[in-house]
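The values are calculated or read from the model by the stated rules, or taken from the named source; none is laboratory data. As the structure is a prediction and not an experimental result, all values here were calculated from the model. Here the Cβ positions follow ideal geometry from the backbone for every residue, glycine too, while neighbour counts run over all protein chains shown.
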Amino acid sequence: MTATRLTASPAAASPTISAHGRGRPCVITRRATFSASHLYRLPELDEAENARRFGRCSLAPGHGHNYELTVAMGGPLDGDGMVLNLSDVKHAIRREVSDPLDFRFLNDVWPEFDLSRPEGRLPTTEALLLAIRERLAPHLPLVALRLHEQTNLWADVLCGPTIDPMEAFLSIRTHFAAAHRLARPELSQSENEAIYGKCARPHGHGHNYLLDVTVRGPIDARTGMVCDLAELQQLVADLVVEPFDHTFLNKDVEHFAGCVPTAENIALHIADLLSAPIAATGARLHKVRLQESPNNAAEVFAETPQLEMLPAALEALAAV
């Protein structure tokens with residue numbers, strides 16, 4: 001078979017759309033993995049205080065994770081229809097991140113984590129992601145980065161000249177099981193079924209809810225944390241999981257006696273419950289995401305407007 005090159009006539013050429021999308025903006029992502037260990041222990045604290053602040057993460061000789069890094073990059077397409085050559089992207093991430101970190105003890109790898117220095121900090125998920133950004137930024141047109149330490153714990157950072165270089169997002173995931181019925185008491189059964197369908201049936205139905213809570217703030221110069229992770233997890237457990245788990249929301253949670261417990265309303269209520277307590281930890285509640293089923297989820301942004309934060313970058317990370 002013989003390939004034929006098609007050339008547009010000058011009259012057919014568009015001033016804004018060229019062959020292969022040249023010049024049009026796009027965000028691309030690349031995933032990388034590495035395995036590493038770390039230890040949360042500050043030399044200026046005694047054994048008891050390290051244990052109180054960092055729990056089992058302070059136990060020597062440390063613990064490890066299989067990390068997953070997502071790199072989002074943006075820019076105009078070139079004449080080959082690419083933002084960047086993916087081979088160049090792969091080699092840059094391997095050279096600057098994967099090879100230096102894979103199967104290493106993070107506390108000893110990079111100077112940011114040398115705790116003998118006054119500016120040294122613990123290699124938390126957030127702090128590690130900031131250090132990765134510093135190494136990749138000279139080589140790739142970064143838009144955002146995400147680092148999963150576990151499936152239920154990850155951090156995000158944005159990239160750009162207007163972004164606070166010490167700010168990060170920290171997300172935790174948990175779950176609870178609950179039943180609900182979608183119906184407004186002032187309406188008849190047939191009227192409720194017209195609005196809510198099968199969800200209005202009198203005896204209700206249940207879900208295994210997945211809850212993601214995302215907080216935002218500057219990382220502490222020494223602990224490397226946006227907030228105390230254990231405290232955040234305990235707040236979510238005490239204020240949401242324990243009161244909601246294995247309940248009939250309409251009957252067992254006072255708020256939903258007069259509020260239809262749709263996924264949207266549940267997410268809004270969770271955001272209202274968490275905003276002030278999280279603020280007391282020094283972070284800010286950014287977002288609550290409630291997954292009701294594999295097909296349905298609701299997201300509530302506690303910060304309005306959404307910080308003018310390049311939403312395409314965050315969406316690119318979330319889609320991976």
From the option list 144, 131, 127, single residue qualifying as modelled with pLDDT of 95 or more, in contact with a Lys or Arg (Cβ under 7 Å, 6 or more places away or on another chain), among the small types (Gly, Ala, Ser) and not assigned by TED's automatic domain parsing to the domain that holds residue 216 is 127
Exactly one of 254, 242, 315 is acidic (Asp, Glu), modelled with pLDDT under 95 and surrounded by fewer than 16 Cβ atoms within 10 Å (Cβ to Cβ), and that residue is 315
Selection from region 243-292 of residues basic (Lys, Arg) and more than 21 Å from residue 179 (Cβ to Cβ) yields 284, 287
When restricted to 71, 83, the only residue touching a Cys at 6+ places or on another chain (Cβ under 9 Å) and either under 21 Å from residue 25 (Cβ atoms) or assigned to a loop (DSSP other than H, G, I, E, B) (or both) is 83
Within region 145-179, residues of a type in the set (S, T, N, Q), within 13 Å of the chain's Cα centre (by Cα) and in a strand (DSSP E or B) come out as 150, 171
ask   = So is residue 209 closer than 21 Å to residue 294 by Cβ, out of contact with any strand residue (DSSP E or B) (no Cβ under 9 Å at 6 or more places or on another chain) and not β-branched (Val, Ile, Thr) or not?
value = no
Criterion first (part of a loop (DSSP other than H, G, I, E, B) and within 25 Å of residue 210 (Cβ to Cβ)) does residue 182 satisfy it?
yes
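One line per residue, one yes/no per condition, for (1) in contact with a helix residue (DSSP H, G or I) (Cβ under 6 Å, 6 or more places away or on another chain); (2) over 25 Å from residue 111 (Cα atoms); (3) in contact (Cβ under 8 Å) with a residue 40 or more places away in the chain:
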position: 130; (1), (2), (3): no, no, yes
position: 138; (1), (2), (3): no, no, no
position: 164; (1), (2), (3): no, no, yes
position: 203; (1), (2), (3): no, yes, no
Does residue 134 satisfy being in a helix (DSSP H, G or I), under 22 Å from the mean Cα position of the chain (by Cα) and exposed (fewer than 14 other Cβ atoms within 10 Å of the Cβ)? yes
Note on residue 195: of the conditions (1) in the same structural domain as residue 298 (by TED's automatic domain parsing); (2) in contact (Cβ under 8 Å) with a residue 40 or more places away in the chain, unmet is (2)
Any chance region 288-296 includes a residue that's buried (at least 20 other Cβ atoms within 10 Å of the Cβ), small (Gly, Ala, Ser) and assigned to a strand (DSSP E or B)? no
Out of (1) more than 30 Å from residue 160 (Cβ to Cβ); (2) at pLDDT 95 or above, the one residue 93 does not meet is (1)
Checking 210, 182, 187 in turn, the sole residue that is in contact (Cβ under 8 Å) with a residue 24 or more places away in the chain, of a type in the set (A, V, I, L, M, F, W, C) and out of contact with any His (no Cβ under 8 Å at 6 or more places or on another chain) turns out to be 182
Of the conditions (1) touching a helix residue (DSSP H, G or I) at 6+ places or on another chain (Cβ under 8 Å); (2) in a helix (DSSP H, G or I), the single one that residue 261 does not satisfy is (2)
Considering region 267-300, residues that are of a type in the set (A, V, I, L, M, F, W, C) and over 25 Å from residue 230 (Cβ atoms), and then whichever is farthest from the chain's Cα centre (by Cα), we arrive at 268
Quick check: anything in region 163-186 under 18 Å from residue 39 (Cα atoms), surrounded by 14 or more Cβ atoms within 10 Å (Cβ to Cβ) and touching a Pro at 6+ places or on another chain (Cβ under 8 Å)?
no
Scanning region 23-42 residue by residue, those outside any strand (DSSP E or B), modelled with pLDDT of 95 or more and either surrounded by fewer than 18 Cβ atoms within 10 Å (Cβ to Cβ) or of a type in the set (Lys, Arg) (or both) turn out to be 41, 42
When residue 117 is run through (1) modelled with pLDDT under 95; (2) within 30 Å of residue 22 (Cα to Cα); (3) in a loop (DSSP other than H, G, I, E, B); (4) not aliphatic (A, V, I, L, M), the failure sits at (2)
